[in-house]
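One structure below.
Just so it is clear, none of the values below were taken in a lab; they were calculated from the coordinates. What you see is a predicted model; the values in this text were computed from it and never measured. Every residue, glycine among them, receives a Cβ derived from its backbone with ideal geometry; neighbour counts consider all protein chains shown.
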Amino acid sequence: MGADVERSEREFRQAALSCLDGLYRFALTLARDRVVAEDLVQETYARALAARHKAAPDEKLRSWLFVILHNVWRNERRRQRPLAPPDEVDRLPAREDVAAALDRRTAGERLQQAIDGLPAPFRQVLALRYVEELSYKEIADVLDCPAGTVMSRLARARVMLREALRPLTLVPRPREVVR
Amino acid sequence: MTSCEVFRRLLGAAVDGELQGDDATAFDAHAAGCIACRRLLEEERALARELERALPRPQAPAGLRERMTALLEEAPLPPRAARARTWWAAAAAAVVLLAVALQLARSPARSGPPSGLATAAADAHLRFLSGQLPLEVGSSSGEEVTRWFQGRVPFHLTLPDYPVGPGERKFYRLLGGRLVNVGGDYGAFVAYRLDDERPISLLVTSVGQQRPSGGEVTSFGNLTFHQQSVNGLKVITWSDNGLSYALASDLTVQGARSCMVCHGSPEERRRIEGFTEPTPPGPI
């Protein structure tokens with residue numbers, strides 16, 4: 001094997017390993033279970049190694065690995081729960097549901113709690129954008145959806161969070177409405 | 001001039017740095033002239049900053065990092081794009097070697113999607129390599145592994161275990177086996193390593209469970225081999241005496257060496273006229 005190929009192979013492995021934290025975080029966002037998240041990451045690397053002749057150029061390696069991880073997760077879910085809806089995007093929580101979950105914690109903790117209360121598709125786009133800093137196009141590739149969907153999900157997620165974080169006293173609950 | 005409605009629709013993309021060109025210029029111009037929209041922009045930016053702070057950023061556990069480091073370091077060398085051409089040349093050479101050495105009579109080649117058997121073999125091979133399919137019986141004795149499978153799989157399987165004569169070199173070693181789920185029934189997964197440590201595995205099912213199909217078809221005597229690439233692996237499938245076999249290996253393993261798993265004994269080599277000793281895998 002030539003020195004160039006050896007070097008390129010070494011670089012591929014180092015670059016892939018440097019994505020570990022991000023992959024683990026995304027796996028946790030998807031699965032919300034540490035053991036499952038670790039399995040997802042392991043399967044992702046196994047598949048990436050097997051398909052590395054098809055690997056994206058170095059600068060796109062990270063999003064390529066995220067795509068693999070999301071595919072692994074989707075296939076796993078399909079295998080385990082074939083009748084489950086793929087996304088819960090249409091079943092939005094009522095504002096009161098999210099707000100009721102928020103107690104008198106700090107603003108940061110309340111925001112975290114509000115994020116946790118969002119349906120999975122919204123949590124996924126938030127994590128990919130604001131933690132992993134992927135572009136809309138990269139997120140669309142990972143989630144296998146149009147970039148416009150990414151944009152609208154982010155917008156809806158922000159609206160829901162803003163609503164959830166608005167001081168509760170300013171928004172009367174239905175039974176408190178004075179007729 | 002961008003209207004307030006358009007501005008608000010583009011707000012998120014602008015905060016995320018996704019607006020470009022004329023859209024970005026028009027957006028900035030509107031923000032400069034509309035106090036209400038500028039306030040919204042500030043709120044949106046503040047929320048984005050809060051999100052960046054609030055979203056959890058856990059690191060991968062140390063154990064996972066160790067395992068993934070080992071997986072990446074120990075994985076066999078790959079068919080990367082840089083040497084894909086070389087591999088195909090080597091694969092073609094291996095096929096030629098098979099054709100000449102085993103006097104294969106090639107039928108007209110036809111290709112198709114990987115069969116379920118080939119896909120299951122590739123999947124099991126990868127999962128074994130990644131540590132997800134630990135062996136349930138570990139032994140270098142074909143007889144012992146054969147015994148272990150008796151009563152566990154719905155067919156009778158006998159693994160070859162040829163003696164090595166003086167001066168003979170064994171080209172592979174048996175590592176062991178385990179049960180795997182193939183199409184809802186048990187199949188036998190058998191793991192080997194070639195003498196250069198490259199992994200190779202054999203998946204066996206009954207013909208009733210899985211049948212070889214697809215890929216490039218090659219005939220030898222009464223046997224028909226299907227060779228295909230699945231997930232970057234080379235998989236050769238065939239059926240014989242009511243059993244279906246799938247041999248999965250790293251692409252750099254030459255085809256003739258794959259056949260040494262079952263046909264490596266001196267008797268076999270003498271029996272098959274014209275069989276030539278394969279050369280050790282070269283730099284691929």
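Annotations
- Label point distance in nm, residue A:60-residue B:25, each placed 7 Å from Cα along Cα→Cβ: 2.9 nm
- Most to least packed among A:118-127, B:136-145 [average Cβ atoms within 10 Å]: A:118-127, B:136-145
- Peptides ranked, highest mean first, by Cβ atoms within 10 Å: ranges B:46-53, B:175-182: B:175-182, B:46-53
- Inter-chain shielding of A:38-48 (mean C-beta neighbours from other protein chains, 10 Å cut-off): 5
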